[in-house]
Each structure stands twice: as C-alpha cells, then as structure tokens.
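The values are calculated or read from the model by the stated rules, or taken from the named source; none is laboratory data. All figures in this text were calculated on a predicted structure; none of them were measured in a lab. Counting neighbours? That spans all protein chains shown, and the Cβs are built from the backbone with ideal geometry, glycine included. With ligands, DNA and RNA removed, areas are computed over all heavy atoms of the protein, side chains included. Shrake-Rupley method; radii C 1.70, N 1.55, O 1.52, S 1.80 Å.
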Amino acid sequence: MKESLLKHYQFQFGEANGSKPSVFFAPGRVNLIGEYTDFNGGHVFPCALTNGTYAVAAFNEDKIIRLYSENFKAEGVREFALTQHTYNEANGWTNYVLGVVDQFEKAGLVMDRGLNILVTGNIPNGAGLSSSASLELVMATLLNAFFDWQQPMVELVKLGQRSENQFIGVQCGIMDQFAIGMGKKDHAILLDTNNLTYEYAPIALEDYNVVITNTNKRRGLADSKYNERRVECERALADLQTVLDIQTLGDMTEAVFDTYANQIQDPLARKRAKHAVYENRRTLKAYSVLNDNDLKAFGALMNASHVSLRDDFEVSCKELDVLVELAWQQQGVLGSRMTGAGFGGCTVSLVAKDSVDSFIENVGKAYREQTDYQADFYIASIGDGARELK
Ligand code: GLA
C-alpha cells in the first residue's frame, strides 16, 4: 500500500524537492452502541475500522499548501497560502484540512513551510462512517509530525472536534475523533465522554461478524438536524437542572429520569432526553454483557437502541428502518441498529458467520424491492488508530 501511495504522490507532484514524502493513515469508525450520548456526557462504544484515509506529504519550497484528493480528481490540485484558512463552502473537502490548520494556529502552532499533500480514502463518503473526522485526524497527525509539534494523540482528537465545531459548524461530540485517534486493532472503546476516561474491550466474537450495511442514502440536511437535536437536549437538561443537581443527562439513571421527566416542559425535548439517558445506560450494560460473552443480550440492546433512535430521538429514516427490520427477520442475527448520526448512512448488525451470505442476499434483495436504493455490505474489520505508516 505504502509503495503504491508514494508512486501516486510522485505522479501528482513529481520528485519531492523539499523533503522525502511520508505516509499517514487515519481509520473510519463504526459505533456499536451509544448513539447521541457523546454531547450529553454519556458513554459511547465505537471501534476504528481498517478502512480509512491515507495522506502522503512532503515539504515544498513555496509557502503554499497544495492539496489533491484521488476521491475528487476533477477538482485537481487546490492551492492555499499558509495564512489562508477561512471556511468557504466552495472549498469542499479541503475545508476539513484548512480547519485543522486553523485550529493548530489558534493553539499557537503555526506552519512556516508549505506542503504538497495527496489524499486518498476508502471509506464511503456521507455513509456515517466518519470520513470527515478521518480526514481531520489524518491531517492533524501529519502536521504534528512534519512540524514536530509533539502533541499527544488525545490533543489531536480534541483539536479535530474543535475544527468540526468551530470551522465546519457541526456541533458534534467527541466520539468520532476519539475512536479514530485512539482505536485499537480488534477492540472497541468504551469512552466516558464526560471526562475522556476509556477502556478497550476485545471484540473476539468467534462465530459472529459485525456487518455494516450502507443504505446508500446520502445524509441530506443531517448537519442542521444534528445541531437541532443538540439544542433540544440542552433545553431538557436546563429544565431538569431546576430541580436536580446534575451536570449532564448522562448523570442520570433511568429511574431518576422517569421520576423527574415531567419537569421538562417541551414534550419533544423530553423524548430526546429520554433517549440520551436510556441509551447511555444501554451502553454500559452492553459493555458488561460483552465482558460476560453474552452476545445475545448485546444484540437485544442494539435493537432497543434502534427503536429509541427511531421513535424518541427521531434520527432514523425509512431506508435505515427497512434495513434494520429486514435484518431482524434473518436467521443468525443477534441485533441490528442504525449507526452514527442517522438520516441515512449505515446500519450495524451482529450476524452469525455461517449466516452472512444469506443475510447479504436476503436483505439486499428485499431492500432493493422496498426502496429506491441498492445496499452495500461490509464485514467490519477493526484496526488501529491514526498513525504514520513507517
Ligand atoms: C456523529 C457525531 C458524533 C456523535 C454521533 C451520534 O457521528 O460526529 O459526535 O454525536 O453522530 O452518536
């Protein structure tokens, strides 16, 4: 892989005259359970994938950032002065790069040399597998190395999230960047988003596979809906705080929530908060049943998570619901749910290895009949976090 990337780089930018090119990688992520809990002080349980974003770079002599993506070939090479990093919709994918440059600069870490950068990724865009956070983290890791800024990974993770919040304008939590930065091969990460303490849990599922199914429905309007959900949760929290001493929705058990839910004035905000509280508890239970090797119980929690995202948090859509319901009907399926921000994107299912072929065939066929889309299936392969490929 590395050799071929270096060849592509050379083809695009010619022999490096500034420095020898280096290669970096950041994965995509899939969240097993714990959806929309990360900006509510709750827990998440994602893992990094072996698919992700590669970046090859070398210094140039021009004080210019040159960017080329093999995923957006028609755009050719884009050039930016080192000081030129303001958000502009017309800059498309390069905004994710400029956002990271901008955040480093705000932290006092300023690029004083230009770079030629080639990017290529194998995560489907807009599928809810965090292609954008992957691009942010591959860039943060790359710049950190080229300029020897010596930032620990968890700082790069936070910087990626700030870039998304402040530069791109999506008020996301920290799950995606954390999973991508801190991922570990064959492990999921139980992360407490309140204080960033985390534990790795081995995902040795023996007779089961984690299967990702892409609706191939683009996540239209997802960003504005996402920010709306965040506001609704904040409103619910504010109402609860008039009677309870809590900092986040994640501080509550289901029982406490049920007792005080009527303090939340807006019924919509009440439903959103219910999801956040219950989903956080489901995530903790999921971690514990996984430790006991009770995959059946894990699957049941995944199913409950989907129902709650569909009915209370209302971030599912017809295509996701069709895929999940079809999955539930298949032999060998322990659980299935939408994953990520929703409104399109992917589902994640726990499928017996000897049922995967029939799962793909049956779900694929029925999905085609019931929607306007064709689904794609991937067997998740869980890999390490963002790094230089030496
Ligand atoms: C997106 C966000 C994450 C998280 C999920 C929903 O992926 O970037 O921070 O909120 O949605 O769980």
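Classify region 222-293 as rounded, prolate or oblate from the Cα gyration tensor: take a ≥ b ≥ c as the square roots of its eigenvalues, call it rounded if a/c is under 1.5, otherwise prolate when a/b beats b/c and oblate if not. Before the final figure, lay out the partial values.
On the way: a/c = 2.48, a/b = 1.38, b/c = 1.80.
Oblate, since a/c reaches 1.5 and b/c is not below a/b.
Taking 30 Å as R0, compute the FRET efficiency from the Cβ-Cβ separation of Asn195 and Val110 and round it to 0.05.
E(calc), rounded to 0.05, equals 0.50.
Which stretch or stretches of region 132-148 have amide N atoms under 18 Å from the point lying 7 Å from Lys185's Cα along the Cα→Cβ direction?
Of the residues in region 132-148, none has backbone N under 18 Å from the label point off Lys185.
Which of the residue pairs Lys225/Lys318; Lys184/Lys285; Lys158/Lys185; Lys225/Lys296; Lys184/Lys390; Lys2/Lys217 have a Cα-Cα distance greater than 23 Å in the structure shown? Please list the in-between numbers first.
Numbers: Lys225/Lys318 16 Å; Lys184/Lys285 21 Å; Lys158/Lys185 21 Å; Lys225/Lys296 33 Å; Lys184/Lys390 17 Å; Lys2/Lys217 32 Å.
Beyond 23 Å between Cα atoms: Lys225/Lys296; Lys2/Lys217.
Efficiency by 1/(1 + (r/R0)^6): what FRET value for Thr120 and Gln241, r their Cβ-Cβ distance, R0 = 35 Å, to the nearest 0.05? Please list the in-between numbers first.
On the way: r = 47 Å, r/R0 = 1.34.
About 0.15, to the nearest 0.05.
Taking all protein chains in place and a 1.4 Å probe, what share, in percent, of the accessible surface of region 75-213 do carbon and sulfur account for? Before the final figure, lay out each step's value.
Working: 2290 of 5150 Å².
Here carbon and sulfur together make up 45 percent of the probe-accessible area.
Find, among the GluC sites (Glu not before Pro) in region 3-87, those assigned to loop by DSSP (not H, G, I, E, B) with at most 11 other beta-carbon atoms within 10 angstrom. Numbers along the way, then the final one.
Numbers: sites: Glu3, Glu15, Glu35, Glu61, Glu70, Glu75, Glu79; in loops: Glu15, Glu35, Glu61.
When the GluC sites (Glu not before Pro) of region 3-87 are filtered for loop state and at most 11 Cβ neighbours within 10 Å, Glu15, Glu61 remain.
Relative contact order for the chain: what is it in percent, counting Cα pairs under 8 Å that are at least 6 residues apart? Intermediate values should be presented prior to the final figure.
Numbers: 821 pairs, mean separation 92.1, N = 390.
Computed over the chain, the figure is 24 percent.
Relative to the present Cα-Cα distance, how much length would full extension add between Ala81 and Ser358 at 0.36 nm per residue of separation?
94.4 nm
Calculate for the chain the 222 nm mean residue ellipticity that helices alone would give, adding -39,500 (n - 2.57) per DSSP H run of length 4 or more and normalising by residue count, nearest 500 deg cm²/dmol. Each step should come with its number before you reach the end.
Details: 11 runs with 155 residues, N = 390.
Calculated at 222 nm, the ellipticity per residue is -13000 deg cm²/dmol.
What is the magnitude of the charge dipole of region 158-313 about its Cα centre, with +1 placed on the Cβ of each Lys and Arg, -1 on the Cβ of each Asp and Glu, and no other charges, expressed in debye to the nearest 20? Walk me through the intermediate numbers first.
Values: 20 positive and 22 negative charges, 116 e Å.
With Lys and Arg at +1 and Asp and Glu at -1, about 560 debye.
Run the accessible area of region 333-390 with a 1.4 Å probe and give the carbon-and-sulfur part as a rounded percent. Before the final figure, lay out each step's value.
Working: 1050 of 2500 Å².
Whole-percent figure for carbon plus sulfur exposure: 42.
Kindly express, to the nearest 10 degrees and within the range 0 to 90, the angle between helix 94-106's C-alpha long axis and the longest C-alpha principal axis of the chain.
The angle comes out near 80 degrees.
If you roll a 1.4 Å probe over the heavy atoms of the protein chains, what accessible area per residue do you get for the chain, in Å²? Before the final figure, lay out the partial values.
Numbers: 15980 Å² over 390 residues.
Heavy-atom SASA per residue in the chain reads 41 Å².
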